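First up is the structure itself, then whatever we jot down about it.
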Amino acid sequence: MTSLRTPRTTSDTRDPRARFRRLGVASAAAGLLATLLAAGPAAATPDPGDAGPAQGAVSSRQAAEARSAIQSGEIPGVDEIVHSQNIEHLANVPKEALQSLNTDLAFQGKYAFAGNYDGFRIYDISNPKAPKTVAQVLCPGSQNDISVSGNLLFLSTDSSRSDNSCASTTQPASVKESWEGMKIFDISDIANPKYVAAVETACGSHTHTILPKGKNVYVYVSSYSPNAAFPDCQPPHDGISVIKVPRKAPEKAAVVNFPVLFPGEGPDGGGNPGSPTNPGVSKTTGCHDITVLPEKDLAAGACMGDGILFDIEDPEHPRVIDRVQDNVNFAFWHSATFNQKANKVVFTDELGGGGGATCNAVVGPNRGADGIYDIVGKGDKRKLVFRSYFKIPRHQADTENCVAHNGSLIPVKGKDLMVQAWYQGGVSVWDFTDSSAPKEIAYFERGPLSATTITTGGSWSAYYYNGYIYSNDIAKGFDVLKLSDRRTDPAKRIRMDQLNVQTQPDYFDDFKH
């Protein structure tokens, strides 16, 4: 049974970065950091295919350190919940029919849509203290990244399948008949989603981003890691698939373009070459995730070894404006978030692929963190200018996978506030109004899933929607948090009809407040 200890406050006078200073010191001697930098970028997120969460042993020294830290109160106990005083844990809904890893979230009206490697689940969140399950749809295929628009639900498949049905089985990508790509459901009957279309895309769909345009919905499909042995995922894979979906005829959905974002000669295109040229950095062979800002015809791409800013005025032909690399502290460019004024982008680095313990003293505050970039200039002369890093100020045990992951803005005029998932590092609320001096203002986390092994778990996505924070915990299920803080309370006046976080709205013009 989960226990609730006295909440720790963000005004604690202790230096939070020194809180667990000794954790992971033994790992340094064992070369943990070098291992993470070398191996981490190979798998951008936990990728067990259709299997459950992976487990791995840590050294006896690391396990002993974790147990000692728990006993001394330096870190929470196994499954113990701790949080800052300005956050309240309202509800948790454990996994039921879908037992694999929980993934991303989308929202529409009073419903939350939650991805899972086994399919997706729909919750009625009209009472945030007691979410109710409306439907659970079995449709295996990692990651099942999810979005909604009108009566359509979009689902990514990034594991090689025997066919495009929800009854498919795993099949090697080396088999030409194998399938990966986008699935589309009709959710006009919310309790009975209907599978209506499928579109195969090169290298599958690790994530996707929707761009609604009148009678159509465009889908930007991000995928990567081509292989000459894969008939449908050939190198160079230096762009994204663009799918056009007619709202009234989704069965006619089709790929209309594959824009090359990293032009270059040779079999690998023109993206970051990665190791050995840039040791510990992922080679760019596509994009991991894209965020669009439709009101500004702007998009930001997190593309393995590169971060890009591009123009999407013509949705079928996106055009790169600027491109940046960080070959010192970023191993894998994972996701992007604009601020409301569209003069900043927060990029995340998923060091260790989401399966590593990177929130410790060994790795430090600049790796596996957020990178904050200002957008300077106008039009095609806009540039991404680095300002600072942000990482949660609480060291985690070496048995906890922890790194920067999915988050969203908290809409407060004149402020840049964000809530973000950190896997077993929990949920963090932070302020980047000053690009050069970001700071955490609230947090929620559980203790490690295990004190002896590293087990994949924690918050995959943490998003703010209509006054509450919703978190899809990989292992523990669906969490609802209430944030009460004078700095964030004005956001409660913003009421949204729909939210796909990677399709960022204009919070103050699009919605009533």
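The values are calculated or read from the model by the stated rules, or taken from the named source; none is laboratory data. These numbers were taken from a predicted model, which means no experiment stands behind them. All Cβ positions, glycine included, derive from the backbone under ideal geometry; neighbour counts span all protein chains shown. Ligands, DNA and RNA are excluded from the accessible area calculation, which covers all protein heavy atoms including side chains. Shrake-Rupley method; radii C 1.70, N 1.55, O 1.52, S 1.80 Å.
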Just to confirm my filter: which strands (runs of 3 or more DSSP E) fall fully inside region 322-419 and include at least 1 residues that are crowded, with 19+ Cβ neighbours inside 10 Å and touching a Cys at 6+ places or on another chain (Cβ under 7 Å)? 333-338
Quick check, is VAL385 among the aliphatic types (A, V, I, L, M) and within 27 Å of GLY458 (Cα to Cα)? no
Output the qualifying pairs, or none if there are none: Cβ atoms under 7 angstrom, residues six or more apart or on different chains, first residue in region 377-394 and more than 30 Å from TYR423 (Cβ to Cβ), second residue buried (at least 18 other Cβ atoms within 10 Å of the Cβ). ASP380/ILE321; ARG382/LEU309; ARG382/ILE321; ARG382/ASP322; ARG382/ILE375; LYS383/ASP322
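Rundown of residues vs (1) at pLDDT 95 or above; (2) open to solvent by less than 30 Å² (accessible area, probe 1.4 Å); (3) basic (Lys, Arg); (4) more than 22 Å from GLU313 (Cβ to Cβ), yes/no style:
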| site | (1), (2), (3), (4) |
| --- | --- |
| VAL219 | yes, yes, no, no |
| CYS233 | yes, yes, no, yes |
| ASN257 | yes, no, no, no |
| ASP268 | no, no, no, yes |
Quick one: what pairs do we get from region 293-322, first residue over 16 Å from GLY270 (Cβ atoms), second part of a strand (DSSP E or B) and small (Gly, Ala, Ser), C-beta under 6 Å, 6+ apart or different chains? ALA300/ALA336; ALA302/SER335; ALA302/ALA336; LEU309/ALA300; ILE312/ALA299
Tally, over region 118-157, of residues that are part of a loop (DSSP other than H, G, I, E, B) and at pLDDT 95 or above: 12
Any residue at all in region 297-314 that's over 30 Å from ALA197 (Cβ atoms) and open to solvent by 20 Å² or more (accessible area, probe 1.4 Å)? no
Among the candidates SER165, SER205, residue that is part of a loop (DSSP other than H, G, I, E, B), polar (S, T, N, Q), at pLDDT 95 or above and open to solvent by less than 30 Å² (accessible area, probe 1.4 Å): SER205
Out of all the residues in region 124-155, which are over 22 Å from GLU200 (Cβ atoms), out of contact with any Lys or Arg (no Cβ under 8 Å at 6 or more places or on another chain) and β-branched (Val, Ile, Thr)? VAL134
Checking VAL346 against (1) under 19 Å from the mean Cα position of the chain (by Cα); (2) of a type in the set (Val, Ile, Thr); (3) more than 16 Å from VAL385 (Cα to Cα), which test does it fail? (3)
Please specify each residue of region 430-450 satisfying the condition of being touching a residue at least 24 places away in the same chain (Cβ under 8 Å), surrounded by fewer than 24 Cβ atoms within 10 Å (Cβ to Cβ) and assigned to a loop (DSSP other than H, G, I, E, B). PHE432, SER435, SER436, ALA437, PRO438, LEU449, SER450
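Report the residue count in region 451-473 for those that are in a strand (DSSP E or B) and either modelled with pLDDT of 95 or more or open to solvent by less than 10 Å² (accessible area, probe 1.4 Å) (or both).
Pass one, region 451-473, residues in a strand (DSSP E or B): 453-455, 459-465, 468-473.
Remaining after also requiring either modelled with pLDDT of 95 or more or open to solvent by less than 10 Å² (accessible area, probe 1.4 Å) (or both): 459-465, 468-473.
So the answer is 13.
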Could you list all residues from region 160-186 that are out of contact with any Lys or Arg (no Cβ under 8 Å at 6 or more places or on another chain) and within 25 Å of LEU211 (Cβ to Cβ)? GLY181, MET182, LYS183, ILE184
